[in-house]
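The values are calculated or read from the model by the stated rules, or taken from the named source; none is laboratory data. Predicted, not measured: the structure shown is a model, and the values here were computed from it. Keep in mind that these areas ignore ligands, DNA and RNA; they rest on the heavy atoms of the full protein, side chains included. Shrake-Rupley method; radii C 1.70, N 1.55, O 1.52, S 1.80 Å.
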Amino acid sequence: MKIYIMIFLRIMLFISLAIMVFDYLRVEQLFIQMERGYIDEFSVGIIKWPGYVFISVVGLLIAAEIIRFFQVRKNKNSILSAYLTAEYDVSDERAVANTHKAVSLAFVVILTYSFFMIGSYLFIPNYFIDHIWYPMFTTASIPIVGLLTYLITYKALANN
Amino acid sequence: MLTNRVRELRARFDLTQGELADRVGVTRQTIVSLEKGSYTPSLLLAMNIAEEFEMPIEEIFSKEEKK
């Protein structure tokens with residue numbers, strides 16, 4: 001359950017950050033278009049909820065990280081030297097081995113996925129004019145795909 | 001491939017998976033995987049198990065050639 005919560009929080013962090021950056025760029029782009037004379041006026045509405053989600057998620061992640069660290073330290077079977085983030089299960093040697101395998105696979109998937117994501121810009125050549133959301137969400141999707149690969153692999157190994 | 005007699009010895013010593021896990025410093029899930037043969041333990045864990053059952057390692061763990 002802990003791993004599901006941590007992965008969910010991380011994904012929410014990336015999504016809310018991508019939406020916040022997109023919202024900022026969207027307004028910035030309208031200002032630039034007006035400065036260059038492409039448009040005479042514009043109206044914007046700022047979306048507030050991604051900011052609230054982002055701040056809440058950051059708070060929850062910091063709290064989870066601190067709580068998890070003390071839990072790991074308290075558990076005599078834990079391998080503290082292998083602990084990096086709260087997603088990592090270091091409860092014993094098998095958990096550490098499974099975490100390493102899951103991270104390795106996630107790394108390979110991130111490399112492959114990034115390759116295709118960079119290549120996909122070929123098909124959206126005007127992303128910087130009409131689809132400014134594209135780079136934000138493709139970038140955010142890279143760690144999300146990695147996190148989901150990690151979660152699925154870890155769970156498959158843990159149940160083996 | 002490494003095979004083991006952990007399940008048999010645990011029954012002989014009348015230990016539950018959880019009790020053995022606590023004694024050798026791992027989670028119960030690790031003992032489950034070990035007994036199923038899906039996890040190859042580290043040398044340290046194998047030595048801890050051998051110590052717990054008061055037997056030499058080679059009497060508990062043995063190598064089996066892959067078919």
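Starting from the amide H of B:Leu2, placed 1.01 Å from N in the peptide plane, find each other amide H under 5 Å away whose residue is 5 or more places distant or on another chain.
B:Glu64
How far is the Cα center of the range A:63-81 from the Cα center of the range B:1-53, in Å?
Value for the Cα centre distance between the two parts: 24 Å.
Give or take rounding to whole Å, what are the principal axis extents of the alpha carbon atoms in chain A, in descending order?
67, 33, 22
What do you reckon, how do A:Ser56, B:Ser42 stack up by accessible area (1.4 Å probe), largest on top?
Listed by decreasing accessible area, they come as A:Ser56, B:Ser42.
Short version: ³J(HN,Hα) in whole Hz for each residue of the range A:119-125, in order, from phi by Karplus 6.51 cos²θ - 1.76 cosθ + 1.60 (θ = phi - 60°), x for Gly and Pro, what are they?
Result, rounded to whole Hz: x, 5, 5, 4, 8, 10, x.
Provide the descending list of Cα extents for chain B along its principal axes, expressed in whole angstroms.
Projected onto the principal axes, the Cα atoms of chain B cover 34, 23, 21 Å.
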